[in-house]
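Below: the structure, in structure tokens.
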């Protein structure tokens with residue numbers, strides 16, 4: 001009896017252990033979905049996918065083409081869509097949508113939509129399920145990297161499935177003998193080569209009893225409503241601006257119809273090959289494989305303690321950080337890695353990833369990959385070299401090819417940070433060549449790629465504000481940091497001294513824009529004079545989606561130099577404090593209205609601190625550089641507690657392809673990469689009682705927070721394997737070696753810890 005009791009206990013404990021390691025259960029893919037054009041709470045959609053998968057699948061609560069695909073406050077579903085959209089601002093490409101129906105076939109998309117409730121909805125990283133009330137149909141799907149499996153549970157009667165290849169030019173064919181629908185979509189928002197197609201194939205587990213296609217012009221009326229296409233019963237082939245297919249079958253109540261779908265940017269034959277990802281496996285098998293894959297990558301970080309809300313926020317943010325950039329590569333019949341280049345339109349060998357903007361993600365998303373997922377990032381880095389070989393430029397915003405968006409030359413940061421942290425591409429010579437080429441030219445069609453204004457920057461040391469180049473100050477500050485990044489690689493490669501001295505000089509160009517009478521960065525004219533009508537609260541103009549209060553801190557590589565310009569550490573700290581105490585006033589004259597980033601700042605009651613946008617996200621950590629780390633600890637905890645939650649309105653602005661999420665992941669761990677390109681992570685304050693990081697090199701790092709209360713955020717002491725440390729940073733090597741780091745925390749600040757000069761992080765001027 002006793003033996004049986006203990007056997008049952010062991011089994012129970014084992015079961016609970018398995019449940020505890022199901023990290024997918026702690027992810028809410030609906031976090032950030034209650035967003036609008038006017039106000040972003042993330043601008044996300046539920047991305048049901050594999051980590052970095054080529055295709056994402058989502059649910060549309062909006063009509064075809066609406067960038068805000070899924071809004072939590074809506075109550076009707078329009079379809080289940082294969083999507084490649086990185087953000088509503090960039091748009092989508094290569095979409096195809098599935099929608100089950102019963103009863104009468106409806107061609108008007110708005111009238112076809114079905115009511116649903118979140119109470120009858122399940123959303124996980126690898127699986128989605130919902131009940132469509134108007135049709136009495138339950139829809140489920142689970143994806144692989146390039147394919148997906150759908151299950152539709154129909155009622156009694158005639159049941160249908162509408163496959164929409166969208167407008168913009170599409171073709172679709174119904175092949176009843178093969179139980180297949182094939183076709184392609186050309187829908188896109190730019191960044192594609194001539195002849196772009198997303199080929200798809202859908203294979204069903206039963207015969208069709210009804211077939212039809214539909215055709216439309218894809219034109220919209222004066223109210224923006226898409227023309228209702230015409231249904232052509234019996235027709236099996238259709239090629240039109242807007243086309244799709246309808247199949248039907250008689251079903252018994254509770255009967256499941258399975259559809260397997262795959263796609264390819266290469267060819268129809270490759271789409272069939274990609275379909276092999278879901279052939280010969282059940283829905284549940286593929287679902288379990290997806291769950292296991294997500295648990296593998298999410299489980300690289302094992303946390304203990306914290307509230308359920310904090311744990312759910314953490315793993316949801318980690319999930320978001322592992323969606324982009326997406327694979328744009330496929331595996332051909334010979335097992336070779338290939339991609340159809342969005343840059344030259346040719347089928348090329350090698351890796352390629354896309355749908356990310358480096359203006360956002362150089363800050364913490366790519367450093368997170370270097371820390372925890374270096375093998376995947378190595379593929380991404382090789383892909384960036386392929387982008388350069390195929391287009392002559394490293395991308396700055398790719399979706400899927402070069403897109404005109406944002407500023408800076410931050411591919412330099414992404415590439416150099418990886419190389420300096422051991423994620424090394426084979427062809428470093430081409431890497432360096434591409435970096436240098438990007439400093440002295442601009443893409444002929446896409447001005448955000450390369451360096452717009454390089455001719456001024458390389459001669460004057462800044463991009464002037466009176467030569468017709470907008471966001472000039474932002475460009476200057478980012479170019480200076482990017483030059484510093486290139487400098488680090490130049491030193492490793494032992495480039496000529498003249499070349500190194502030039503890069504060293506240009507890395508100091510941020511100083512040209514510092515206006516001493518304001519202690520802020522300011523636009524400067526070609527003649528060397530500062531702009532006369534300077535407003536520190538003016539958004540846009542000389543800056544990018546921010547004002548001088550936000551951009552002044554964009555001296556990632558030399559905070560000590562910025563401290564000196566401001567008149568010393570005390571004055572610097574006072575300026576940092578002022579960001580939070582200056583009222584949330586703004587000047588929106590450049591835009592003509594308060595853009596959503598402005599509105600998101602004003603409503604947070606944190607002064608002019610605009611965490612919902614990227615330029616200022618590192619700012620709090622700069623207290624460490626001025627000997628006031630305790631102030632960073634306070635503000636970091638405030639931001640984590642106040643601005644993030646695992647809810648539909650859980651972000652405080654754009655999530656932006658994993659960047660804002662990666663900020664939370666790093667900050668919750670207790671450190672952050674202020675200056676990618678260095679090997680340092682700046683210490684903040686840990687959120688959880690214990691965290692174990694499982695690195696790819698086989699080492700584990702345990703981080704423990706000792707405190708009396710969950711609210712204790714101030715560091716009293718840090719022990720590194722039992723040895724006291726007062727440095728306000730960790731090194732990449734230190735973390736990857738593993739071991740045990742102990743934070744000893746209190747409710748009162750230790751104003752002595754981390755304040756000595758030798759405790760401060762790297763700065764170029766120190």
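The values are calculated or read from the model by the stated rules, or taken from the named source; none is laboratory data. Keep in mind that this is a model prediction, so the values were computed, not measured. Virtual Cβ from ideal backbone geometry, glycine too; neighbours counted across all protein chains shown.
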### Query
In the range 287-323, which residues are over 19 Å from residue 369 (Cα atoms) and in contact with a strand residue (DSSP E or B) (Cβ under 8 Å, 6 or more places away or on another chain)?
287, 290, 291, 304, 305, 311
### Message
Please count how many residues of the range 44-55 are over 19 Å from residue 312 (Cβ atoms) and surrounded by fewer than 24 Cβ atoms within 10 Å (Cβ to Cβ).
### Response
2
### Query
Given (1) more than 19 Å from residue 452 (Cβ to Cβ); (2) buried (at least 24 other Cβ atoms within 10 Å of the Cβ), where does residue 542 come up short, assuming only one miss?
(1)
### Task
Kindly indicate the residue of the range 555-578 that is assigned to a loop (DSSP other than H, G, I, E, B) and on the phi < 0 side of the Ramachandran plot and also nearest to the chain's Cα centre (by Cα) among those meeting that condition.
556
## Note on the structure
Flagged in the range 324-337 as touching a strand residue (DSSP E or B) at 6+ places or on another chain (Cβ under 7 Å) and either buried (at least 20 other Cβ atoms within 10 Å of the Cβ) or part of a loop (DSSP other than H, G, I, E, B) (or both), in numbering order, are 324, 325, 326, 327, 328, 329, 330, 332, 336
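Results for (1) in contact with a strand residue (DSSP E or B) (Cβ under 8 Å, 6 or more places away or on another chain); (2) assigned to a strand (DSSP E or B); (3) without any contact (Cβ under 8 Å) to a residue 40 or more places away in the chain, shown as yes or no for each residue.
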{"residue": "30", "(1), (2), (3)": "yes, no, no"}
{"residue": "39", "(1), (2), (3)": "no, no, no"}
{"residue": "42", "(1), (2), (3)": "no, no, no"}
{"residue": "52", "(1), (2), (3)": "yes, no, no"}
{"residue": "57", "(1), (2), (3)": "yes, yes, no"}
{"residue": "86", "(1), (2), (3)": "yes, no, no"}
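Residue-wise test of (1) farther than 16 Å from residue 470 by Cβ; (2) assigned to a loop (DSSP other than H, G, I, E, B).
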position	(1), (2)
499	yes, no
512	yes, no
532	yes, yes
543	no, yes
546	no, yes
553	yes, yes
### Message
Anything in the range 453-497 that is surrounded by fewer than 24 Cβ atoms within 10 Å (Cβ to Cβ) and not in a loop (DSSP other than H, G, I, E, B)? List them, or say none.
### Response
454, 455, 456, 458, 459, 460, 488, 489, 490, 491, 492, 497
### Message
Among the residues of the range 702-709, are any touching a helix residue (DSSP H, G or I) at 6+ places or on another chain (Cβ under 6 Å) and in contact (Cβ under 8 Å) with a residue 40 or more places away in the chain?
### Response
no
## Note on the structure
Of (1) farther than 29 Å from residue 264 by Cβ; (2) buried (at least 21 other Cβ atoms within 10 Å of the Cβ), residue 126 satisfies every one except (1)
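Among 713, 675, which is more than 29 Å from residue 491 (Cα to Cα) and in the same structural domain as residue 554 (by TED's automatic domain parsing)? So that I can check it myself, show each step before the final result.
Numbers: 675 fails: more than 29 Å from residue 491 (Cα to Cα).
Residue meeting the stated conditions: 713.
Within the range 367-376, is even one residue on the phi > 0 side of the Ramachandran plot and in contact with a strand residue (DSSP E or B) (Cβ under 8 Å, 6 or more places away or on another chain)?
Pass one, the range 367-376, residues on the phi > 0 side of the Ramachandran plot: none.
Checked against the condition, which is being on the phi > 0 side of the Ramachandran plot and in contact with a strand residue (DSSP E or B) (Cβ under 8 Å, 6 or more places away or on another chain), the range 367-376 yields no hits at all.
Hey, among the residues in the range 738-756 that are part of a loop (DSSP other than H, G, I, E, B) and in contact with a strand residue (DSSP E or B) (Cβ under 8 Å, 6 or more places away or on another chain), which one's surrounded by the most Cβ atoms within 10 Å (Cβ to Cβ)? Write out each step before concluding.
Our first condition is that a residue be part of a loop (DSSP other than H, G, I, E, B); within the range 738-756, this holds for 738, 747-756.
If we keep only those that are in contact with a strand residue (DSSP E or B) (Cβ under 8 Å, 6 or more places away or on another chain) too, we end up with 738, 747-750, 753-754.
Working: 738: 18, 747: 11, 748: 9, 749: 17, 750: 17, 753: 22, 754: 25.
So the residue we want is 754.
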### Message
Checking residue 429 against (1) surrounded by fewer than 21 Cβ atoms within 10 Å (Cβ to Cβ); (2) out of contact with any strand residue (DSSP E or B) (no Cβ under 7 Å at 6 or more places or on another chain); (3) part of a loop (DSSP other than H, G, I, E, B): exactly one of these is not met. Which one?
### Response
(3)
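Might you check whether a residue that is surrounded by fewer than 21 Cβ atoms within 10 Å (Cβ to Cβ), in a loop (DSSP other than H, G, I, E, B), at pLDDT below 95 and out of contact with any strand residue (DSSP E or B) (no Cβ under 8 Å at 6 or more places or on another chain) occurs anywhere in the range 9-18?
To start, the set of residues in the range 9-18 that are surrounded by fewer than 21 Cβ atoms within 10 Å (Cβ to Cβ) comprises 9-18.
Now narrow it down to the ones that are in a loop (DSSP other than H, G, I, E, B): none.
Looking for residues that are surrounded by fewer than 21 Cβ atoms within 10 Å (Cβ to Cβ), in a loop (DSSP other than H, G, I, E, B), at pLDDT below 95 and out of contact with any strand residue (DSSP E or B) (no Cβ under 8 Å at 6 or more places or on another chain), one finds none in the range 9-18, hence no.
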### Task
Determine, yes or no, whether residue 29 is surrounded by 21 or more Cβ atoms within 10 Å (Cβ to Cβ), in the same structural domain as residue 110 (by TED's automatic domain parsing), more than 18 Å from residue 198 (Cβ to Cβ) and at pLDDT 95 or above.
no
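Quick one: would you say residue 523 is on the phi > 0 side of the Ramachandran plot and either modelled with pLDDT of 95 or more or touching a strand residue (DSSP E or B) at 6+ places or on another chain (Cβ under 9 Å) (or both)? Reasoning before the result, please.
Values: on the phi > 0 side of the Ramachandran plot: no; either modelled with pLDDT of 95 or more or touching a strand residue (DSSP E or B) at 6+ places or on another chain (Cβ under 9 Å) (or both): yes.
Here the answer is no, as residue 523 does not meet what is asked.
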